Amino acid sequence: MKILAAMSGGVDSAVAAARAVDAGHDVVGVHLALSRAGGTLRTGSRGCCTIEDAMDARRAADRLGIPFYVWDFSERFRDDVIEDFVSEYRAGRTPNPCMRCNEKIKFAALLERALELGFDAVCTGHYATLVDTPAGLELHRASDAAKDQSYVLGVLTAQQLAHTYFPLGSTPSKAIVRAEAEARGLAVAQKPDSHDICFIPDGDTRGWLAERVGTATGEVVDRTGAVVGSHEGAHAFTVGQRRGLSLGVPAPDGKPRFVLEVRPVSNTVVVGPKEALATAEIAGERHSWAGRPQPEGAFACHVQIRAHADPVPARAVLDGGVLTVVPESPFEGVAPGQTAVLYDGTRVIGQFTIDRTVSAVPVDA
């Protein structure tokens, strides 16, 4: 095949590109420039898509003997990922920018351009597995459970999966990938993995949002509506948060309070006991299906609500365009805006953005 290898500058994408070459494919490397800040630099494991990353990707491509290009996707990234992140927080939701980047950039904008240029598939260093079955192409978890990235790939559609290539999916461990990179003479063999949100490399999400959303004093209330504190902007809080609440009125039982809800219209933050974070039901209208056609009616599944959370057995039903999921045991700390990925064993069924949650604990409990 003619393969476009997305090379982030890290060890995983470099080894994925190398394996594509070894498999006999015609490989071209490309690095995505996602920031227009010319001085953007990497600090240890913080940040990605920086100048250093672009140079590391180029050196890896040179070592592999493949053509290499840098494509400017910064405008698309700003519109589809960064602005979406800000608008979701403004609306009181908790977004996942990595999901949006996969959905809108790596497997939409990049894949579209690749197909237009005559490539057959886009190769990435994600840890996930594709299985071609009589029922259709399926997306499955990676062999290495610790590195599995099927959750963040749950947004991919059947058409996108048909043009993707994940050479690392069957690799038993990340240590093997690093050892392979070392053996191949790739300088990124021991490069740290990136963490946090790539466009907020210092990790100060609250401060970053304050500059773009602004500050506005509001009330912190308990589940009965009683005022227990104040804040400088509801956007700075997420469901499940415990620290930084600055409450002036202690709980009657003296136990810590947690953020239960963010109400952007009234600029109000609702807090309560930890047990009130238990969620008995989630629902959403923005859903997609990975590989096979969407299921009909009710079906059993396992649901994962964070990248590294344990999957929970559940019952899902698609009715009138709304996907509702009821777990066998309550979720904890679920926020609107999060992504729920549905599994059948190791297979990804699909995903949806959570719009509504139902607490498992009554207000008067």
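Would you kindly find the accessible area of MET1, with a 1.4 Å probe and non-protein molecules such as ligands, DNA and RNA excluded, rounding to the nearest 10 Å²?
110 Å²
What list of whole percents do you get for P(r) of region 260-304, with Cα-Cα distances grouped in 5 Å bins up to the one holding the largest distance?
Per 5 Å bin, starting at 0, the Cα pair percentages come out as 5, 11, 17, 19, 15, 10, 12, 9, 2.
Taking a ≥ b ≥ c as the square roots of the Cα gyration tensor eigenvalues, with a/c under 1.5 meaning rounded and otherwise prolate when a/b beats b/c, else oblate, which class fits region 64-189?
Rounded, since a/c falls under 1.5.
Over region 161-233, with a single point scatterer placed on each C-alpha, what log10 of the ratio I(q)/I(0) does the Debye formula yield at q = 0.18, 0.23 1/Å?
Normalising to I(0) and taking log10 leaves -0.89, -1.09.
Round to the nearest 10 and report in Å² the accessible area of SER359, as given by a 1.4 Å probe over the protein chains' heavy atoms.
Counting only protein heavy atoms, the figure is 50 Å².
Using the basic label-point model (7 angstrom from Cα toward the beta carbon), what is the LYS274 to ASP344 distance in nanometres?
3.7 nm
Please compute, over every Cα-Cα pair in region 206-365, the percentage with a separation greater than 19 angstrom.
It works out to 58 percent of all Cα pairs.
Taking all protein chains together and a probe of 1.4 Å, list TYR165, TYR343 from the most accessible to the least accessible.
Order by accessible area, largest first: TYR165, TYR343.
If the chain between ALA145 and ARG90 were fully stretched, how many nm would it gain, using 0.36 nm times the residue separation less the Cα-Cα distance?
On the way: separation 55, 0.36 × 55 = 19.80 nm, distance 3.44 nm.
Using 0.36 nm per residue and subtracting the Cα-Cα distance, I get 16.4 nm.
Relative contact order for the chain using alpha-carbon pairs under 8 Å, separation at least 6, rounded to a whole percent?
16 percent
Using alpha carbon centroids, what distance separates region 308-323 and region 199-224, in Å?
A separation of 30 Å, based on Cα centres.
Checking the cross-link filter: which aspartates and glutamates have an alpha carbon closer than 15 Å to that of LYS147, excluding same-chain neighbours under 8 positions apart?
ASP12, ASP193, ASP310
Taking 45 Å as R0, compute the FRET efficiency from the Cβ-Cβ separation of GLU296 and ARG263 and round it to 0.05.
About 0.80, to the nearest 0.05.
Name the residue, out of ALA280, ALA340, ALA17, whose mean-square fluctuation peaks in a Gaussian network model built on the chain with Cα pairs under 10 Å.
Greatest mean-square fluctuation among the candidates belongs to ALA280.
Give me the one-decimal nm value for the distance between modelled label points at ALA226 and ALA307, 7 Å along each residue's Cα-to-Cβ direction.
4.0 nm
Averaging the inverse of every distinct alpha carbon separation and then flipping it gives the Kirkwood radius. What is it for the chain, in angstrom units?
One decimal place: 21.9 Å for the Kirkwood radius.
Leaving ligands, DNA and RNA out of it, report the carbon-plus-sulfur percent of the accessible area of the chain at a 1.4 Å probe.
51 percent
Would you mind checking which residues have amide H under 5 Å from GLU332's amide H? H placed 1.01 Å from N; only 5 or more apart, or other chain.
Those lying under 5 Å, H to H, from GLU332 are THR279.
Can you tell me the orientation of helix 11-22 relative to the chain, as the angle in degrees between its alpha-carbon axis and the longest Cα principal axis, to the nearest 10?
Result, in degrees: 40.
Please give, to one decimal in nm, the separation of the simple spin-label points placed at ALA210 and LEU137, each 7 Å out from Cα toward the Cβ.
4.6 nm
In the neighborhood of GLY154, defined by Cβ-to-Cβ distances under 15 Å, what is the net charge if each Lys or Arg adds +1 and each Asp or Glu adds -1?
In short, +4.
Given only helices, namely DSSP H runs of n ≥ 4 each adding -39500 (n - 2.57), what is the per-residue ellipticity at 222 nm of the chain, to the nearest 500 deg cm²/dmol?
Mean residue ellipticity at 222 nm (helix-derived): -5500 deg cm²/dmol.
Once you've got the GNM for the chain with C-alpha springs shorter than 10 Å, pick whichever of GLU75, GLU103, GLU296 has the biggest mean-square fluctuation.
GLU296
The values are calculated or read from the model by the stated rules, or taken from the named source; none is laboratory data. What you are looking at is a predicted structure, and each value in this text was computed from that prediction instead of being measured. Quick reminder, even Gly has a Cβ in these numbers, built from the backbone with ideal geometry, and neighbours come from all protein chains shown. Areas reflect the complete protein model, heavy atoms only, side chains present, ligands, DNA and RNA absent. Shrake-Rupley method; radii C 1.70, N 1.55, O 1.52, S 1.80 Å.
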